[in-house]
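Asker: Handing you a structure now.
The values are calculated or read from the model by the stated rules, or taken from the named source; none is laboratory data. As the structure is a computational prediction, the values presented were derived from the model and not from experiment. Backbone-built Cβ (ideal geometry, glycine too); neighbour counts: all protein chains shown. All accessible areas refer to the heavy atoms of the entire protein, side chains included, with ligands and DNA or RNA removed. Shrake-Rupley method; radii C 1.70, N 1.55, O 1.52, S 1.80 Å.
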Amino acid sequence: YNYHPMMGVGGDFVDVHYSADRKGLGLFICDVSGHGVAAAIISSMVKMSLAGWAENLDHPSVMLHNVYSSLNGKISTQFVTASMCYINLETGRLRIASAGHPPVSVIRRNGVVELFQPKGKIINDMMPPDYEEIETQLDKYDKVVLYTDGIVETFNTNDEMYGDERLVDLLVKSRRLSPGKICEQIMEDLTGFSGANVFEDDITILVTEYQG
């Protein structure tokens, strides 16, 4: 994965958890509104809210409810978007839940990129959660891509936004690369597009390949 905070610290957070008991891998990414220390404090609270992840690894919507319950009443006017996934490493089933986060992208071996964005409100102190789960089947060498909106909402000097379509095109072109190389390609393309090495938002990318 790649993590590039706008300042020295930021509000993006990413985590991965493996459980032999649950026969799978959990993926998590979140984006706290705002920047700097204030956002970083809330992202550390999010990290603490994942303490019971192992017990609910195969139920990402339950875990998002747990994150909401842990943060409720503590984040004032700020909010958190998040995606949580579970990959059954024996069957290849991918289960996804989202709290108002950008879609989870799956790069298929044939070059097709599918976007998955299940229903779910952002985590905040104003609205109760409503997280649903959706599933898809992974085949050998399919890749799962999670990212924060700092990527698609990057602008260049002509006020053009990087956008979802440009990212999908890059994922298609990069489909045969390793997860680490895909992260590098995205950052290189984003830097070339924006003409800057310092971005106006935190940027985080997590890429996982299913080995079958």
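Asker: Can you pull out every residue in the stretch 165-183 that is part of a helix (DSSP H, G or I) and loosely packed, with under 15 Cβ neighbours inside 10 Å?
Answerer: Glu165, Asp169, Val172, Lys173, Gly180, Lys181
Asker: Looking only at the stretch 184-212, count how many residues are crowded, with 19+ Cβ neighbours inside 10 Å, among the polar types (S, T, N, Q) and more than 16 Å from Val144 (Cα to Cα).
Answerer: Qualifying residue count, the stretch 184-212: 0.
Asker: So which residues in the stretch 94-117 are over 13 Å from the mean Cα position of the chain (by Cα), at pLDDT 95 or above and not hydrophobic (A, V, I, L, M, F, W, C)? Let's see the steps before the verdict.
Answerer: Of the stretch 94-117, the ones over 13 Å from the mean Cα position of the chain (by Cα) are 94-95, 107-114.
Those still in the list that are at pLDDT 95 or above too: 94-95, 107-108, 112-114.
Result: Arg95, Arg108, Glu114.
Asker: Looking only at the stretch 122-164, count every residue that is closer than 22 Å to His35 by Cα and without any contact (Cβ under 8 Å) to a residue 24 or more places away in the chain and tell me the total.
Answerer: Number of matching residues: 4.
Asker: Restricting attention to the stretch 86-101, and to residues there that are open to solvent by 10 Å² or more (accessible area, probe 1.4 Å) and touching a residue at least 60 places away in the same chain (Cβ under 8 Å), which single residue is nearest to Asp130 (Cα to Cα)?
Answerer: Within the stretch 86-101, the subset open to solvent by 10 Å² or more (accessible area, probe 1.4 Å) is 86, 88-91, 93, 95, 100.
From the residues that got through so far, the ones that are touching a residue at least 60 places away in the same chain (Cβ under 8 Å) too are 86, 88-90.
Working: Tyr86: 18, Asn88: 24, Leu89: 27, Glu90: 29 Å.
Taking the candidates together, the pick is Tyr86.
Asker: I need a count of the residues in the stretch 191-212 that are more than 17 Å from the chain's Cα centre (by Cα) and either over 27 Å from Asn88 (Cα atoms) or without any contact (Cβ under 8 Å) to a residue 60 or more places away in the chain (or both).
Answerer: 10
Asker: At least 2 residues that are touching a helix residue (DSSP H, G or I) at 6+ places or on another chain (Cβ under 8 Å) and of a type outside the set (Asp, Glu) in each: list the strands (runs of 3 or more DSSP E) lying fully within the stretch 90-154 that qualify.
Answerer: Working: elements: 93-99, 104-107, 113-116, 133-137, 143-147.
Qualifying strands (runs of 3 or more DSSP E): 93-99, 104-107, 113-116, 143-147.
Asker: Please specify each residue of the stretch 123-160 satisfying the condition of being loosely packed, with under 15 Cβ neighbours inside 10 Å, under 30 Å from Tyr68 (Cβ atoms) and at pLDDT 95 or above.
Answerer: Selection gives Glu132, Glu135, Gln137.
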